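What follows is a short report on a single structure.
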Amino acid sequence: MENNELLTPIAAFMNHEKADPTRVFLKQPMHGDLIEYRFADALFEIQCMATRLLELPPKSKVAILSLNCAHWVMADLAIMLAGHISVPIYPTASATTLSQILEHSGCRLIFVGKMLDWETKHYLIPGSIQTISMHSEHEGMESWSGITSRYNESDDYPALDIDDMASLIYTSGTTGMPKGVMTSYRCLAEAGILVSDWVELDVKDSFFSYLPLAHAAERVAVEIAAIYCGGVISFVGSMDTFNVDLLTSKATIFLGVPRIWIKFQQAIEAKIPPVVLSILLKIPLFNNLLKAKLLESLGLSDVKIALSGAAALPLETLKWFERLGLPICEAYGMTESFGLSNFNHPDHRTSGSAGRLLPGFELKIADDGEILYKNPCLMMGYYREPELTEQTVKNGFLHTGDTGRVDENGYLWITGRIKDIFKTSKGKYVSPIKIEMELEPRANLDQVCVIGSNLAQPVVLGVIENKPSGSDLTNFESKLEGIRLELNNRLEKNEKLLKWFLVEEVWSTDNDMITPTLKMRRQAIENKYMAQIIKAMASDKSVTWLDT
């Protein structure tokens with residue numbers, strides 16, 4: 001099927017199916033049951049669906065709008081087999097973003113799967129776009145089950161060129177409209193082989209999928225890695241069954257984002273106070289049993305490689321998991337390089353860093369501190385944005401917009417993001433990310449954001465969904481003030497935090513305060529609250545609650 005030696009994902013999948021068709025590839029919780037798709041089962045579904053997709057013009061854009069599920073992966077492989085281009089869309093995408101992506105990409109067909117808010121999304125899909133429902137029966141839509149019962153394998157699947165576009169991946173859009181990143185089969189293949197070889201994955205490995213597959217990190221670390229190593233992917237049924245599903249999956253590879261790892265930590269500390277836990281972990285013989293029980297309670301007892309991406313983890317959280325015997329390997333990359341660049345290998349890592357450069361990659365730091373790199377997984381360019389592509393990739397190097405340094409041992413340290421850095425009214429620049437990393441594990445807030453454009457000093461915005469009352473509120477505010485004062489002793493003069501401002505409204509994709517990958521839209525947050533903050537600056541209160 002391929003014109004080149006390097007195998008595309010669909011070819012790698014078919015090789016595994018040929019070698020062992022009865023091995024389980026996908027595990028899907030469904031209405032209290034666990035449905036297993038063997039490689040042979042999945043191939044049948046993929047081929048039937050690909051035959052249906054052959055009715056579209058060659059190299060059509062085909063979107064996938066769904067929470068993670070077995071059909072998401074099978075739809076992706078069917079799109080490849082039919083020679084089309086997948087367009088993953090976050091199931092939590094706002095109405096505006098969904099409409100923008102469908103129009104900008106020129107999608108001809110969309111797969112719709114598990115959704116939390118289908119009733120508010122379905123009317124956004126133009127009637128000109130064909131729609132296939134992967135699960136429920138919807139009026140006016142073709143169904144997955146109907147198609148697989150009517151279609152069969154075809155002899156007309158096109159030959160795939162390794163340098164053709166395989167997927168159009170839209171960035172999460174922290175600073176504007178999402179950009180369409182053109183990703184080739186070569187990129188997917190290089191990434192799948194590199195990840196599998198680098199951490200020695202094989203058919204015995206088990207992956208747990210719950211972070212959006214529309215994000216490059218989940219796509220490469222779960223879907224693509226599993227396809228190339230021949231492992232099994234287990235999916236979360238719902239967030240209500242997350243712990244049970246994770247435990248059942250016996251995952252050996254687990255990818256989390258900082259918020260997930262911090263919630264794991266908080267769940268344990270809610271049952272065992274940190275001081276008590278620290279004492280118990282120092283007791284000989286007993287500590288190993290305790291570590292095993294705690295990891296088992298989180299569903300992580302079988303994990304051999306724990307990964308974290310999307311943003312930096314607080315050092316305190318990294319060290320907490322190390323004490324439990326589960327070192328977390330942080331990685332760094334961008335959608336434009338399919339989420340790959342630097343990685344902390346389980347056998348050689350430095351906590352707090354983004355890790356060393358992956359084999360075959362090249363990195364340099366510009367004079368202004370910006371991180372630049374080139375690698376075999378680099379994008380083909382931004383779709384319909386040639387000028388932006390030229391601005392972003394120069395002389396083969398991707399300009400990341402992140403700032404960092406490389407230490408004497410080759411580890412990359414992220415120091416900030418150029419667009420996040422703000423200037424105070426005193427003309428001093430502040431990088432808020434490193435301050436937020438200090439605050440997040442200590443403040444016990446749902447979300448934290450440091451802002452300060454045109455203020456004399458930075459301030460902290462915090463979200464707590466359940467506001468304490470009475471003496472609990474007094475104690476809570478006193479604790480926050482203590483954290484601020486202690487941290488200020490270690491911050492530079494221009495970084496010292498002036499006040500706390502708290503709100504009860506959680507920042508979400510629904511109110512456009514965060515992206516689908518849980519990254520804050522800093523400018524949107526600042527725009528929403530700055531007027532109230534300025535009014536409250538004259539108050540003597542160090543902790544102020546704002547209206548939402």
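All of the numbers you see were taken from the coordinates with simple rules; none came from a lab. Just so you know, these numbers come straight off a predicted model, no measurement behind them. Don't worry about glycine lacking a Cβ; one is built from the backbone with ideal geometry, like all the others, and counts go over all protein chains shown.
Label the chain by shape, choosing from rounded, prolate and oblate, from the square roots a ≥ b ≥ c of the eigenvalues of the Cα gyration tensor; if a/c is under 1.5 it is rounded, and otherwise prolate applies when a/b is larger than b/c, oblate when it is not.
It is prolate, given that a/c is not under 1.5 and a/b is the larger ratio.
Tell me which of Y373, T8, L53 sits at the most positive position along the dipole axis of the chain, charges placed on C-beta atoms (Lys, Arg +1; Asp, Glu -1).
Y373
Please arrange D245, D240 by how many other C-beta atoms lie within 10 Å of their C-beta, fewest to most.
Fewest to most other Cβ atoms nearby, the residues stand as D240, D245.
Determine the dipole magnitude for region 403-486: charges of +1 sit on the beta-carbon of Lys and Arg, -1 on that of Asp and Glu, nothing else is charged, the reference point is the Cα centre, and the result goes in debye to the nearest 20.
Rounded to the nearest 20 debye, it is 480 debye.
Quick one: Cα centre-to-centre distance for region 329-362 and region 185-246, in angstrom?
So the separation of the two Cα centres works out to 17 Å.
If R₀ is 56 angstrom, what is the calculated FRET efficiency for the pair E408 and I129, using the beta carbon separation as r and rounding to 0.05?
0.55
Can you list the lysines whose alpha carbon sits under 21 Å from that of K114, skipping same-chain ones fewer than 8 residues off?
Once the sequence-local lysines are set aside, what remains near K114 is K27, K61.
Using alpha carbons only, how many degrees (0 to 90, rounded to 10) separate the axis of helix 9-19 from the longest principal axis of the chain?
The helix 9-19 is inclined about 60 degrees to the chain.
Report the gain in length on full extension from K282 to S238: 0.36 nm times residue separation, minus Cα-Cα distance, nm rounded to one decimal.
Stretched out fully, the K282 to S238 stretch lengthens by 12.2 nm.
Around F422, which amide H atoms from residues at least 5 apart in sequence, or from another chain, sit under 5 Å from its own amide H, with H modelled in the peptide plane?
V430
When the dipole is taken about the Cα centre of region 9-234, and only Lys, Arg (+1) and Asp, Glu (-1) are charged at their Cβ, what size is it in debye, to the nearest 20?
So the magnitude is around 380 debye.
Quick check: Cα centre of region 455-528 to Cα centre of region 263-283, how many Å?
25
Can you tell me the relative contact order of region 9-234? Whole percent, Cα pairs under 8 Å, sequence separation 6 or more.
Computed over region 9-234, the figure is 22 percent.
Looking at region 9-234, send over the antiparallel percent of its DSSP beta bridges, to the nearest 5.
35
Would you mind calculating the relative contact order of the chain from Cα pairs under 8 angstrom and at least 6 residues apart, reporting the percent as a whole number?
This gives 11 percent for the chain.
Step through the residues of region 369-386 one at a time and calculate ³J(HN,Hα) from phi using the Karplus curve (6.51 cos²θ - 1.76 cosθ + 1.60, θ = phi - 60°), rounding each to whole Hz and writing x for Gly and Pro.
Listing the rounded values in order: x, 6, 7, 10, 8, 10, 6, x, 9, 5, 5, 6, x, 8, 5, 6, 9, x Hz.
Please state the shape class of region 1-52: rounded when a/c is under 1.5, otherwise prolate if a/b exceeds b/c and oblate if not, all from the C-alpha gyration tensor.
Judged from the Cα gyration tensor, region 1-52 comes out prolate (a/c at least 1.5, a/b above b/c).
Specify which residue in the list I433, G462, S508 is farthest towards the positive end of the charge dipole of region 422-545, using unit charges on the beta carbon of Lys, Arg (+1) and Asp, Glu (-1), about the Cα centre.
Value: I433.
Rank-order 519-526, 250-257 by packing density, defined as the average count of other C-beta atoms within 10 Å over each peptide's residues, highest first.
250-257, 519-526
Could you please rank I233, I421, placing first whichever residue has the fewest other Cβ atoms within 10 Å of its Cβ?
I421, I233
Using only the alpha-carbon atoms, how far is helix 470-488 inclined from the longest principal axis of the chain? Give it as 0 to 90 degrees, nearest 10.
It is inclined by approximately 90 degrees.
If you place +1 on the Cβ of every Lys and Arg and -1 on the Cβ of every Asp and Glu, how big does the dipole about the Cα centre of the chain come out, in debye to the nearest 20?
Dipole magnitude for the chain comes out near 1720 debye.
Show the residues, 5+ positions off or on another chain, whose built amide H is closer than 5 Å to the amide H of I110.
Under 5 Å from the amide H of I110 lie the amide H atoms of A63, Q130, T131, I132, each far enough along the sequence or on another chain.
How long is the gain from E153 to R38 if the chain were fully straight, where each residue apart is worth 0.36 nm and the alpha carbon distance is subtracted?
Extra length from E153 to R38 when fully extended: 39.7 nm.
Using θ = phi - 60° and the Karplus curve 6.51 cos²θ - 1.76 cosθ + 1.60, what whole-Hz ³J(HN,Hα) does each residue of region 217-222 get, with Gly and Pro shown as x?
Residue by residue, region 217-222 yields 4, 5, 5, 7, 7, 10 Hz.
Classify region 9-234: rounded, prolate or oblate, from the alpha-carbon gyration tensor (a ≥ b ≥ c, eigenvalue square roots; a/c under 1.5 rounded; otherwise prolate if a/b is larger than b/c)?
rounded
Note the angle between two axes, namely the Cα long axis of helix 185-198 and the longest principal axis of the Cα atoms of the chain, as a number of degrees from 0 to 90, rounded to the nearest 10.
On a 0 to 90 degree scale, this one is about 60.
Hey, can you grab everything whose amide H is under 5 Å from the amide H of A456? Only 5+ residues off in sequence or another chain; H modelled, so Pro and N-termini drop out.
Excluding prolines and chain starts, which carry no amide H, the hits are S425.
Can you compute the helix-only [θ] at 222 nm over the chain? Use -39500 (n - 2.57) per DSSP H run of at least 4 residues, normalise by all residues, nearest 500 deg cm²/dmol.
-10000 deg cm²/dmol
So if each residue of separation counts as 0.36 nm, and I subtract the Cα-Cα distance between A267 and R490, what length gain in nm does that give?
Here the answer is 77.4 nm.
Calculate one ³J(HN,Hα) per residue across region 305-318 by plugging θ = phi - 60° into the Karplus curve 6.51 cos²θ - 1.76 cosθ + 1.60, and present them in order as whole Hz with x for glycine and proline.
Each residue's phi maps through the Karplus curve to give 10, 9, 10, 9, x, 6, 7, 6, 8, x, 4, 4, 5, 4 Hz.
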